[in-house]
Amino acid sequence: KNQVEQSPQSLIILEGKNCTLQCNYTVSPFSNLRWYKQDTGRGPVSLTIMTFSENTKSNGRYTATLDADTKQSSLHITASQLSDSASYICVVSDTWTSDMRFGAGTRLTVKP
Amino acid sequence: EAQVTQNPRYLITVTGKKLTVTCSQNMNHEYMSWYRQDPGLGLRQIYYSMNVEVTDKGDVPEGYKVSRKEKRNFPLILESPSPNQTSLYFCASSLFASGGGGETQYFGPGTRLLVL
């Protein structure tokens, strides 16, 4: 079964620091990869969407990278803010079925 | 404002008592879906709908029903809820079928359900 694995499960950083979240997947054939931010008690909100031909995409302080050969993606957060505290979810789509496979998420806590 | 709304946001019920969670979107989206989210697991799709009167099972459809009589509404029905359906439920919509097209999927605020 196609899988999306995220690491770490949780992460604590100090305000102002950078961090990188990882996503490895086995979904094939690959269509696109999305990163979502989910605040506690709220629905996920889309940050980036990348197709297999894109290596990087930015959204403000969030930069996602994709290596379709190694089936890895990362989400880099620059100059973290307290409001970045949330779960970050990686979602990978299959070309043939359009099924979306969700990772379990990384819980990020930014402390002052 | 473009949005997906769900009601109720919180619900406590007892085993076997039928309930309906409503979902509505105001973006004229064709594709709508329901997910459940449990601790330590990714969102899992329950049912989805490609358009009016077109629905299909997702990964975990057992114990749930849906209907899509109007484009904007996609209610989730639990005919006989059981404690293992205690979860956080999200409705989502996108212009067309999510996944292959790369369309942005918009999520509702979630419904937290407790079945005693």
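The values are calculated or read from the model by the stated rules, or taken from the named source; none is laboratory data. Keep in mind it's a predicted model, so treat the numbers as computed, not measured. For neighbour counting, all protein chains shown are included, and Cβ atoms are generated from backbone atoms with ideal geometry for every residue, glycine included.
Remarks
- Taken together, the residues in segment A:23-53 that are farther than 17 Å from B:THR104 by Cβ, within 13 Å of another protein chain (Cβ to nearest Cβ) and assigned to a strand (DSSP E or B) amount to 3.
- Verdict on B:GLU53 being out of contact with any Ser or Thr (no Cβ under 8 Å at 6 or more places or on another chain), over 18 Å from B:ARG112 (Cα atoms) and of a type in the set (Asp, Glu): yes
- Residue identified as touching a His at 6+ places or on another chain (Cβ under 8 Å), of a type in the set (S, T, N, Q), in contact (Cβ under 8 Å) with a residue 12 or more places away in the chain and within 30 Å of A:LEU33 (Cβ to Cβ) among B:SER24, B:SER87, B:SER94, B:SER49: B:SER94
Residues are listed down the side, and each one gets a yes or a no for (1) in contact with a strand residue (DSSP E or B) (Cβ under 7 Å, 6 or more places away or on another chain); (2) farther than 26 Å from A:GLN3 by Cα:
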| residue | (1), (2) |
| --- | --- |
| B:LYS17 | no, yes |
| B:ASN28 | no, yes |
| B:GLN37 | yes, no |
| B:SER82 | yes, yes |
| B:LEU88 | yes, no |
| B:SER94 | yes, no |
| B:LEU114 | yes, yes |
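- Some residue of segment A:48-59 being closer than 20 Å to B:LEU88 by Cβ, loosely packed, with under 15 Cβ neighbours inside 10 Å, under 14 Å from the mean Cα position of the chain (by Cα) and touching a residue at least 12 places away in the same chain (Cβ under 8 Å): no
- Filtered residue count, segment B:34-46, keeping only those that are within 9 Å of another protein chain (Cβ to nearest Cβ) and closer than 20 Å to B:GLU103 by Cβ: 4
- Any chance B:LEU113 is closer than 13 Å to B:THR13 by Cα, outside any loop (DSSP other than H, G, I, E, B) and among the hydrophobic types (A, V, I, L, M, F, W, C): yes
- Test: residue in segment A:5-22 that is within 14 Å of chain B (Cβ to nearest Cβ) and part of a loop (DSSP other than H, G, I, E, B): yes
- Checked against the criterion of being surrounded by 21 or more Cβ atoms within 10 Å (Cβ to Cβ), modelled with pLDDT under 95 and either outside any strand (DSSP E or B) or not basic (Lys, Arg) (or both), segment B:55-68 has no qualifying residue.
- Every pair of residues 6+ apart whose Cβ atoms lie under 6 Å, when the first sits in segment B:1-20 and is free of Cβ contacts under 8 Å to residues at least 60 places away in the same chain while the second is part of a loop (DSSP other than H, G, I, E, B): B:THR20/B:PRO75
- Note on segment A:76-92: among residues that are among the aliphatic types (A, V, I, L, M) and over 11 Å from A:GLY103 (Cα atoms), the one that is farthest from the other protein chains (Cβ to nearest Cβ) is A:ALA79.
- Going through (1) touching a residue at least 60 places away in the same chain (Cβ under 8 Å); (2) farther than 30 Å from B:ASN7 by Cα; (3) surrounded by fewer than 19 Cβ atoms within 10 Å (Cβ to Cβ) one by one, A:LEU21 falls short only on (3).
- So B:LYS57, is it within 13 Å of another protein chain (Cβ to nearest Cβ), without any contact (Cβ under 8 Å) to a residue 40 or more places away in the chain and under 13 Å from the mean Cα position of the chain (by Cα): yes
- Of everything in segment A:93-112 that is within 14 Å of the chain's Cα centre (by Cα) and in a loop (DSSP other than H, G, I, E, B), the residue that is farthest from the other protein chains (Cβ to nearest Cβ) is A:GLY105.
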